[in-house]
Amino acid sequence: MEKVIDENKQGTSLELEQKESNTKKLFIESYGCQMNFSDSEIVASILANEGYNTTQNLEEADLVLVNTCSIRDKAEQTVRKRLEQYNRVKKHNPGMKVGVLGCMAERLKSKFLEEEKIVDMVVGPDAYKDIPNLLKDVDEGREAINVILSKEETYGDIAPVRLNSNGVTAFVSITRGCDNMCTFCVVPFTRGRERSREPQSIMSEIADLWERGFKEITLLGQNVDSYLWYGGGLKKDFVKATEMEKATAVDFAQLLDMVATAYPKMRFRFSTSNPQDMHEEVIHVMAKHHNICKYIHLPVQSGSTRILKEMNRQHTREEYMALVDKIYAIIPEISLSQDMIAGFPTETEQDHQDTLSLMEYANYDFGFMFAYSERPGTMASRKMEDDVPEEVKKRRLQEIVDLQRAIGLKRTQRFLGQTVEVLIEKDSKRSETQWSGRNSQNTVVVFEKQNYKVGDFVLVKITDCTSATLIGEAVGYSEMQS
Ligand code: SAH
Ligand code: F3S
């Protein structure tokens, strides 16, 4: 579930350890990207200090929070439907309060309070520390809304509670916001300007996770390669930093090197990379450390230079191909994955063919593919007509999905006969006698449990596979086992 939007997890409600003195009940549910799931852990942590324990039973909740996604229209419709369901419960339990968090809160602001009468509180992604005050406003009958975006907030000082955790893998956020302004994307509007989190607070969160037995960390951000710490402040203000600040700045390659060196028995992943910001140094750091997983999620969105330009992606098809070449040259065993948008305004059949041929070239192991969805307020919606007919979008999307499946199968098959290193995460979906984990390249691997346990690093000889799952037999512990 490396990426961004894990369909299996959409709408999961979160449960954490209970504090005995807490008497109120919080039901918190998340949609959208991993950052939202991570933010919900921060919110639950803030509310644990306000007398709330989490519950998975909507009916008994005093406070219901939904962390929302605006990335495509469908994501917003899902949340609207959920609100209708909360409304039904509220009829039996009029004391129940409902709050909307995240990107939809930010996008719709006070409109939410007008449109959705059951919503009591609206909180944008940078205002979660204000929730205790906003709850007082609700209690006192005032309008409770805070959608102010911040230049500094990274929640670095809040220890997130780990919700629904397997105790083995965790996400640690390192940047917030995005400055890239891809013309189709709402994120720069809903999550604000890009800022990086202080390395020390990242290190101490990892130290805490290590102490508690976690074995794999995914460093999280909308654009991790753009990470830059120079004492605080926005990425775009780096030019104004002092000479001293510039000299002691930490970039993503350095951060990655730092964490991988400090915790050699812990695995590190990161998501998401933007091709325009992915520097060669990062690839060398990945190659240098066994414990940095050999997997890069490298969204491209389109294989046509003309469309990439319309999307305001800062690279051409050829530059992307050159980056892919460089990555495979430095790390031959790497797996890559893509995000693709079918049917961006003005996309022709030739542009679409360029996308398909780029996919063949890049040889992606996985992909996350979407039909273009016009988002209000974005550059594309203001300047371009959503002119590719729905059925054409659908057909192109299907061709992209089918091709990815075929390429993915070949990529999965390359592991047949190999012995791969797997971190055991959980029971396999198919059988209680089998473990499930992932190899360094992020492919799921299942095998008989023997005497191994969750959190072990084992070597697995691959004997069989389906299109996206490797099947094998454990043959011993790996060098990562401590
Ligand atoms: N940098 C982010 C990207 C977030 S959006 C990250 O952390 O992954 C995730 C993906 O959703 C994008 O890469 C893009 O492929 C898709 N997407 C974004 N806006 C979209 C839109 N308006 N229509 C269709 N797909 C979209
Ligand atoms: Fe969106 Fe582009 Fe940033 S897809 S999150 S604006 S890199």
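Structure above, values below:
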read-out: Single residue of region 31-69 satisfying the filter (within 14 Å of the chain's Cα centre (by Cα) and small (Gly, Ala, Ser)) that is nearest to Pro94 (Cα to Cα); value: Ser40
read-out: For Pro275: the one exception among (1) more than 13 Å from ligand 1 (Cβ to nearest atom); (2) free of Cβ contacts under 8 Å to residues at least 60 places away in the same chain; value: (1)
read-out: Only one of Ser302, Ser357 that is within 12 Å of ligand 1 (Cβ to nearest atom) and among the small types (Gly, Ala, Ser); value: Ser302
read-out: Test: residue in region 53-68 that is touching a strand residue (DSSP E or B) at 6+ places or on another chain (Cβ under 8 Å), within 16 Å of ligand 1 (Cβ to nearest atom) and at pLDDT 95 or above; value: yes
read-out: Tyr295 vs. criteria away from ligand 2 (no atom under 16 Å from the Cβ), within 20 Å of Val250 (Cα to Cα) and either under 23 Å from the mean Cα position of the chain (by Cα) or crowded, with 21+ Cβ neighbours inside 10 Å (or both); value: no
read-out: Any helices (runs of 4 or more DSSP H) falling wholly within region 135-251 and containing at least 2 residues that are buried (at least 16 other Cβ atoms within 10 Å of the Cβ), away from ligand 2 (no atom under 16 Å from the Cβ) and touching a residue at least 24 places away in the same chain (Cβ under 8 Å); value: 199-211
read-out: Pair list, Cβ < 8 Å and 6+ apart or interchain, from region 395-415 residues that are within 15 Å of Thr443 (Cα to Cα) to residues that are assigned to a helix (DSSP H, G or I); value: Gln404/Met359; Ile407/Met359; Ile407/Glu360
read-out: Strands (runs of 3 or more DSSP E) (entirely within region 26-112) containing at least 3 residues that are among the hydrophobic types (A, V, I, L, M, F, W, C) and closer than 28 Å to Gly156 by Cβ; value: 63-68
read-out: Those residues of region 86-113 which are under 14 Å from Ala144 (Cβ atoms) and either touching a His at 6+ places or on another chain (Cβ under 6 Å) or not β-branched (Val, Ile, Thr) (or both), in sequence order; value: Lys97, Gly99, Leu101, Ala105, Lys109, Ser110, Phe112, Leu113
read-out: Answer residue from region 298-307, given it is within 12 Å of ligand 2 (Cβ to nearest atom) and of a type in the set (A, V, I, L, M) and is surrounded by the fewest Cβ atoms within 10 Å (Cβ to Cβ) among those; value: Leu298
read-out: Boolean, Phe270 is assigned by TED's automatic domain parsing to the domain that holds Gln200 and either within 16 Å of ligand 1 (Cβ to nearest atom) or touching a residue at least 60 places away in the same chain (Cβ under 8 Å) (or both); value: yes
read-out: Single residue of region 377-396 satisfying the filter (part of a loop (DSSP other than H, G, I, E, B) and touching a Ser or Thr at 6+ places or on another chain (Cβ under 9 Å)) that is nearest to ligand 2 (Cβ to nearest atom); value: Thr378
read-out: Of all residues in region 133-182 being away from ligand 1 (no atom under 16 Å from the Cβ) and of a type in the set (Asp, Glu), the one that is nearest to Asp120 (Cα to Cα); value: Glu143
read-out: Evaluation of His92 against (1) more than 20 Å from the chain's Cα centre (by Cα); (2) surrounded by 14 or more Cβ atoms within 10 Å (Cβ to Cβ) (one fails), failing number; value: (2)
read-out: Top-ranked residue in region 317-339 [being more than 22 Å from Glu399 (Cα to Cα) and within 16 Å of ligand 2 (Cβ to nearest atom); ranked as surrounded by the fewest Cβ atoms within 10 Å (Cβ to Cβ)]; value: Glu319
read-out: Residue match in region 340-352 (condition: more than 15 Å from Asp387 (Cβ to Cβ), surrounded by fewer than 21 Cβ atoms within 10 Å (Cβ to Cβ) and not polar (S, T, N, Q)); value: no
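The values are calculated or read from the model by the stated rules, or taken from the named source; none is laboratory data. Since we're looking at a predicted model, the values are computed, not measured. Cβ atoms come from the backbone with ideal geometry, glycine included; neighbour counts cover every protein chain shown.
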